[in-house]
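Let me begin by presenting the structure, written as structure tokens, before commenting on it.
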Amino acid sequence: MAKEQIHVLNALDVAKTQWYHFTAIIIAGMGFFTDAYDLFCISLVTKLLGRIYYHVDGAAKPGTLPPNVSAAVNGVAFCGTLSGQLFFGWLGDKMGRKKVYGMTLMIMVICSIGSGLSFGHSPNSVLATLCFFRFWLGFGIGGDYPLSATIMSEYSNKKTRGSFIAAVFAMQGFGILGGGIFAIIISAAFKARFDAPAYEVDPVGSTVPQADYIWRIIVMVGALPAALTYYWRMKMPETARYTALVAKNTQQAAADMSKVLQVEIQSEPNKEESHGKPSFGLFSREFLRRHGLHLLGTASTWFLLDIAFYSQNLFQKDIFSAIGWIPPAKTMNALEEVYRIARAQTIIALCSTVPGYWFTVALIDRIGRFAIQLMGFFFMTVFMFALAIPYDHWTHKDNRIGFVVIYSLTFFFANFGPNATTFVVPAEIFPARFRSTCHGISSASGKLGAIVGAFGFLYLAQNKDKSKADAGYPAGIGVKNSLIVLGVVNILGFCFTFLVPEPNGKSLEEMSGENEEEEATKEGSYNNNNNNNRTVPYV
């Protein structure tokens, strides 16, 4: 069917950048804005949850979540996301991108609201309900990864495809920023209305009863952008590549894209599929021969990247305290602590996270995915070792600003590097009928790395002396050795990048080999017809 598809797919490949491209970026990007808001807003309120539900009378410090509860509250959404990436990635190839796209948003809306309405007669039951809804929230978020990337890649033209997909992912930065800004506004408003003394002055009075509303409002607001986007997602037509290459309906693909591109695209009548050699399946020997190393490359680099990326959060509390952004917890009331944490995370997002994403958007189609990913892993390795080797030097008060600068640069080159490219490339290099599934496998591998980074290193980075480790944690290998391990992880990411091909400037069919596959199928069909037309009996 290659000939029938060429008109509509060529039209997409050579189309000039139009308003519908930006519309698609906004529609898909608002999903990622919501994803980031929902995933990262919990870190703004975990300290508050500890004060409200785990207060201990007579304790010198405010209550904190026990290690197992903290791990559950912060990590259950990652587990849900991993599951959603695999399930919705597969479903997007079976049912179509559009049919599944609305499901993920509705799950996110319902579970964001459910998270804020978490109920129970005891602290454990409240947090168990919260964890239940956050798992399913993560499940919906997980579906957004493969579907948004695949839809944007299949809508884009060949020239600016990388920038468009990266722009969708870059909305994650605005989601983190938006979460911080909203938490600042809501905590400042409550702080002005309900004044309270510091914990060291009045341990009970420092957490006003109204503080329980703050975390609920913050997690529920994540439902708004998802709900507002739902209508527009349902109005988007199915992508032409899915309709033509998977559903085999070239007439419908041409009709849909004629409306989107606002040009007349010639369509031919649909023809029956040739009866040649059947197309290979996922994980078949032929798939592994053609794309096995590519899938290993995209999955392994995303896994290694997320170990390093999510483990960096371990050092935020030390950095924020060191430079005075967050004073000791006992010197603040509950509302002040939320305000300070939100302000600190907003500054980090504004100065390093958001700019890194948009540097990628600006340059990915000029210098290529491969170069950006190699560069990102290289500089992350350099800065990790720059933090680790002279770590004792950075612990001195006069040198802490230098530590913050290098830490911020590590974040910058993660986002102007593999954090963006690992999202972009899996949506470009696999055949249409496996594209969403393979992106789901790659992103789920990344989320597994996030779980290892966020929780494995939480234990690993504890002080070697158990008496100096955080309450409830065993002794670890220390921050310095953890940073060295993370540097080695980045080196491995650099090496595995060489398994990933460069899709810059090539069509999706050229990268996936679908044109070659169609030609091979045609040849097989031709040979079969010749064999079937024998006039001499075959002995």
Output for Cβ contacts, cut-off 8 Å, separation at least six or different chains, first residue closer than 12 Å to Thr422 by Cα and touching a residue at least 40 places away in the same chain (Cβ under 8 Å) in segment 355-381, second among the aliphatic types (A, V, I, L, M) and surrounded by fewer than 20 Cβ atoms within 10 Å (Cβ to Cβ), reads Ile372/Leu363; Phe377/Ile491
Answer yes or no: is there a residue in segment 458-474 that is in a helix (DSSP H, G or I), open to solvent by less than 30 Å² (accessible area, probe 1.4 Å) and more than 14 Å from Pro418 (Cα to Cα).
no
Are any residues in segment 213-256 outside any helix (DSSP H, G or I), modelled with pLDDT under 90 and open to solvent by 10 Å² or more (accessible area, probe 1.4 Å), and if so, which ones?
Met236, Pro237, Glu238, Ala247, Lys248, Asn249
Ser83 passes all but one of the listed conditions (1) crowded, with 22+ Cβ neighbours inside 10 Å; (2) at pLDDT 90 or above; (3) part of a helix (DSSP H, G or I); the exception is number (1)
Only one residue in Ser321, Ser311 is surrounded by fewer than 20 Cβ atoms within 10 Å (Cβ to Cβ), among the small types (Gly, Ala, Ser), part of a helix (DSSP H, G or I) and modelled with pLDDT under 85. Which one?
Ser321
Residue pairs, Cβ under 6 Å, 6 or more apart or interchain, first in segment 406-422 and in contact (Cβ under 8 Å) with a residue 24 or more places away in the chain and on the phi > 0 side of the Ramachandran plot, second basic (Lys, Arg) and open to solvent by 10 Å² or more (accessible area, probe 1.4 Å). List them.
none
Scanning segment 105-127 residue by residue, those crowded, with 17+ Cβ neighbours inside 10 Å and over 24 Å from the mean Cα position of the chain (by Cα) turn out to be Ser118, Pro123, Val126, Leu127
Given the criterion modelled with pLDDT of 90 or more, farther than 30 Å from Arg51 by Cα, out of contact with any Pro (no Cβ under 9 Å at 6 or more places or on another chain) and open to solvent by less than 40 Å² (accessible area, probe 1.4 Å), identify the matching residue among Gly297, Gly276, Gly292, Gly281.
Gly292
Residues being touching a helix residue (DSSP H, G or I) at 6+ places or on another chain (Cβ under 7 Å), farther than 18 Å from Tyr310 by Cα and part of a helix (DSSP H, G or I): count how many of those fall in segment 475-506.
3
Cβ pairs under 7 Å, 6+ apart, first in segment 109-132 and part of a helix (DSSP H, G or I), second acidic (Asp, Glu):
Ser112/Asp38
Just checking, does segment 46-58 include any residue being among the aliphatic types (A, V, I, L, M) and buried (at least 22 other Cβ atoms within 10 Å of the Cβ)?
yes
Ser148 fails exactly one of (1) over 15 Å from the mean Cα position of the chain (by Cα); (2) under 21 Å from Ala450 (Cα atoms); (3) of a type in the set (S, T, N, Q), namely (1)
The one condition in (1) aliphatic (A, V, I, L, M); (2) closer than 30 Å to Leu508 by Cβ; (3) buried (at least 24 other Cβ atoms within 10 Å of the Cβ) that Leu137 fails to fulfil:
(2)
May I ask you to verify whether Leu387 is more than 16 Å from Gly297 (Cα to Cα), open to solvent by less than 30 Å² (accessible area, probe 1.4 Å) and not hydroxyl-bearing (Ser, Thr, Tyr)?
yes
Does Ala170 fit the bill of being part of a helix (DSSP H, G or I), open to solvent by less than 50 Å² (accessible area, probe 1.4 Å) and among the hydrophobic types (A, V, I, L, M, F, W, C)?
yes
Of Phe434, Phe455, Phe412, which residue is in contact with a Cys (Cβ under 9 Å, 6 or more places away or on another chain), open to solvent by 10 Å² or more (accessible area, probe 1.4 Å) and either in a helix (DSSP H, G or I) or over 30 Å from Ala247 (Cβ atoms) (or both)?
Phe412
Picking from Pro197, Pro209, Pro203, which residue would you name as being surrounded by fewer than 21 Cβ atoms within 10 Å (Cβ to Cβ), over 33 Å from the mean Cα position of the chain (by Cα), assigned to a loop (DSSP other than H, G, I, E, B) and in contact (Cβ under 8 Å) with a residue 40 or more places away in the chain?
Pro197
Matching residues, segment 69-98, being free of Cβ contacts under 8 Å to residues at least 60 places away in the same chain and over 30 Å from Lys235 (Cα atoms)
Val69, Ser70, Ala72
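The values are calculated or read from the model by the stated rules, or taken from the named source; none is laboratory data. In this text, all values refer to a predicted model and were calculated from it rather than measured experimentally. Counting neighbours? That spans all protein chains shown, and the Cβs are built from the backbone with ideal geometry, glycine included. What goes into the accessible areas is simple: the full protein's heavy atoms, side chains included, and nothing from ligands, DNA or RNA. Shrake-Rupley method; radii C 1.70, N 1.55, O 1.52, S 1.80 Å.
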